[in-house]
Amino acid sequence: MANFSKKYYFNDKYYNWFYYLCTTKMKKCTSLDGHISTFCFVKRIIWKSNFCINLNKMLDKSEYLHPDKECLSRQEIEALQLERLKATVKHCYTNEVYKKKFAEAGITPDDIKTLDDVRKLPFTTKQDLRDNYPFGLACVPLSKCTRLHSSSGTTGNPTVILHTQKDIDEWANAVARCLHMVGLRPDDVFQNSSGYGMFTGGLGFQLGAERLGALTVPAAAGNSLRQIKFIKDFGTTAIHAVPSYVTRLHEVMVEQGVDPRRDTKLKVLVIGAEPHSEEQRKRIEKMMGVKAYNSFGMSEMCGPGVAFECKEQNGLHFWEDYYIVEIVDPETLEPVPDGEIGELVLTTLNREAMPLLRYRTRDLTRVLGRTCPCGRNHVRLDRMKGRSDDMMVLRGVNIFPIQIEKILMQFKELASNYLITLTTDADNDNMTVEVELEELFTDDYQRLQKLQKDVTRALKDEILLTPHVKLVPKGTLPVSEGKAVRVVDKRTVYQ
Ligand code: ADP
Ligand code: ZN
């Protein structure tokens, strides 16, 4: 199988598709090797015949941009991962920092014989990236690198990730695969409302959408009036935005009398880069009248394109030809069983400039499954619960902002913007949840009071503490251009 792909791997997507047919359909009858010559023969005929045109048509309807990777069986995925893991580990071993870490762990690249041996490898953390800032973890000379990106620094100093041109190309392929998976094609118009520059959501989606062949609108962040004008004038069919920004965009649309269903050609939203609840997603879909697909990425892993929902919307498919996915207990660092929440740990499998071994993302999630009605067997993970450092500890209770969001979004009277403030009063930690009202009915005091009570009770049931709930008029709370800031911690004594 591995030989086959090396020898007869064609970049051309038509060949890939045909290769997929051969490998999946033919191997059922007999051994694949016996069919290699048939495959080449048929390939030549196809290329020369009119069948090519029909094939082309069929491919337009194809669900898979990279069928040879997207449709691998679990066995094939794991074989590919092992091959790539061995190569990655050898490559890392050329770097002095990794060499030292390997020595401390008492291993050499030769100890990686099976996929489970990944657990012998030392973890990499954000601190490692900071300690070796900026280029200490580079595994190629700087002259081979063509770009660097840095994280948005949500939780401290930024970190740097270097890329070779091949890394950038592979990244574009991964993002293109994701966009194709949710139905985008070359005749789509893709508008990106991410900040460009160091933030990877900008250039990452830009290159991916270009690789797909869509017409791209690099609108960049903010300026909602301009975004809406672009959507209308250019016939935008798909937008990428952080979920909190979609809500803002919709508010401005309403102010401008623009109905996304009536006045735009939108058909897909790509939302990601920040934690959001299923309830928030449903709300966004309802307000914009289109499907919203969850996109997961992080600058350490290139950026967007790490994982995406398929049309089934049943979890995030992590691309396992690019990454080894582990979920570990953040305390013991031992693997947790499927279905249990733990920390996501990722190992890059095809990065040249700065491969990362067992990178502790601090994102908390769980495995949902390894098959999917969409035909992809790449592992499906639940939407992120948040990062371990997003967790608030209040009077000994662990709370994630997403838990609060989930409850707030269940009240149709409440809008999507909210802010959690933690304070210390009389030696006690308190939480205030300010949330905007969907419509202004501040004159109806009784109704407001009842709503406030209901929200408080529902929150208490979820987080086991009673927060102060403040209902505020729409547009009162701050809106950030990038990722939403949901928690302000003003406590004097941190727990
Ligand atoms: P920073 O680490 O400074 O925030 P990044 O832009 O690299 O910079 O952010 C990556 C992080 O964003 C992830 O580790 C994760 O916590 C969060 N994130 C990205 N996409 C999603 C998503 N779809 N759902 C939840 N969280 C996400
Ligand atoms: Zn799927």
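The values are calculated or read from the model by the stated rules, or taken from the named source; none is laboratory data. Predicted model, so just to flag it, every value in this text is computed and none were measured. Neighbour counts run over all protein chains shown; Cβ positions are idealised from the backbone, glycine included. SASA here: full protein model, heavy atoms, side chains in, ligands and nucleic acids out. Shrake-Rupley method; radii C 1.70, N 1.55, O 1.52, S 1.80 Å.
Cross-linked pairs 100/166; 385/474; 229/453; 282/470; 291/490; 99/144: Cα-Cα separations exceed 32 Å for 229/453; 291/490. How far apart, in nanometres, would the label points at residue 329 and residue 438 be if each is projected 7 angstrom from Cα along the Cα-to-Cβ direction? The two pseudo-label positions are separated by 4.3 nm.
Charging the Cβ of each Asp and Glu at -1 and of each Lys and Arg at +1, and nothing else, the dipole of the chain about its Cα centre rounds to 1540 debye. Oblate is the label for the chain, because a/c, from the alpha-carbon gyration tensor with a ≥ b ≥ c as root eigenvalues, is 1.5 or above and a/b does not exceed b/c. The peptide list 172-180, 262-270, 204-212, put in order of mean Cβ contacts within 10 Å with the highest first, becomes 172-180, 204-212, 262-270. Applying the Karplus relation 6.51 cos²θ - 1.76 cosθ + 1.60 with θ = phi - 60° to region 136-144 yields 3J(HN,Hα) values of x, 9, 5, 10, 9, x, 4, 5, 8 Hz, where x marks Gly and Pro. For the chain, the solvent-accessible area of protein heavy atoms averages 45 Å² per residue (probe radius 1.4 Å; ligands and nucleic acids excluded). In sequence order, region 377-389 has phi-based couplings of 9, 6, 3, 9, 10, 5, 4, 5, 6, x, 8, 4, 7 Hz under the Karplus curve 6.51 cos²θ - 1.76 cosθ + 1.60, θ = phi - 60°, and Gly or Pro positions carry x. Stretched out straight at 0.36 nm per residue, the stretch from residue 120 to residue 166 would grow longer than its current Cα-Cα span by 13.8 nm. Considering only 139, 327, 178, the residue lying farthest towards the positive end of the dipole of the chain is 178, judged by Cα position with unit charges set on Cβ. Rounded, prolate or oblate: pick one for region 221-326, where a ≥ b ≥ c are the square roots of the eigenvalues of its C-alpha gyration tensor, a/c under 1.5 means rounded, and failing that, prolate if a/b is larger than b/c, else oblate. Note, shape of region 221-326 comes out prolate. For region 329-461, the relative contact order is 13 percent, taking Cα pairs closer than 8 Å that sit 6 or more residues apart in sequence and dividing their mean separation by the residue count. Between residue 341 and residue 157, the simple spin-label model (points 7 angstrom out along Cα→Cβ) gives 3.1 nm. Around the amide H of residue 436, modelled in the peptide plane, lie the amide H atoms of 415, 417, 472, all under 5 Å away and 5 or more residues distant in sequence or on another chain. Placing dummy labels 7 Å off each Cα toward the beta-carbon, the span from residue 256 to residue 108 is 6.4 nm. Note on the chain: helix-only mean residue ellipticity at 222 nm, from DSSP H runs of 4+ residues weighted -39500 (n - 2.57) and normalised by residue number, equals -10500 deg cm²/dmol. By the rule of a C-alpha distance below 15 Å, with chain neighbours fewer than 8 residues away ignored, the aspartates and glutamates paired with residue 265 are 187, 188, 233, 285. Using a probe of 1.4 Å, the accessible surface attributed to residue 240 totals some 10 Å² when neighbouring protein chains are kept in position. Figure note: 93, 322 ranked by solvent-accessible area, largest first, 1.4 Å probe, ligands and nucleic acids not counted: 93, 322. Here the chain has 52 percent of its accessible surface on carbon and sulfur atoms, given a 1.4 Å probe and all protein chains in place.
Full extension of the chain segment joining residue 427 with residue 313 gains 36.6 nm, where the gain is 0.36 nm per residue of separation less the Cα-Cα distance.
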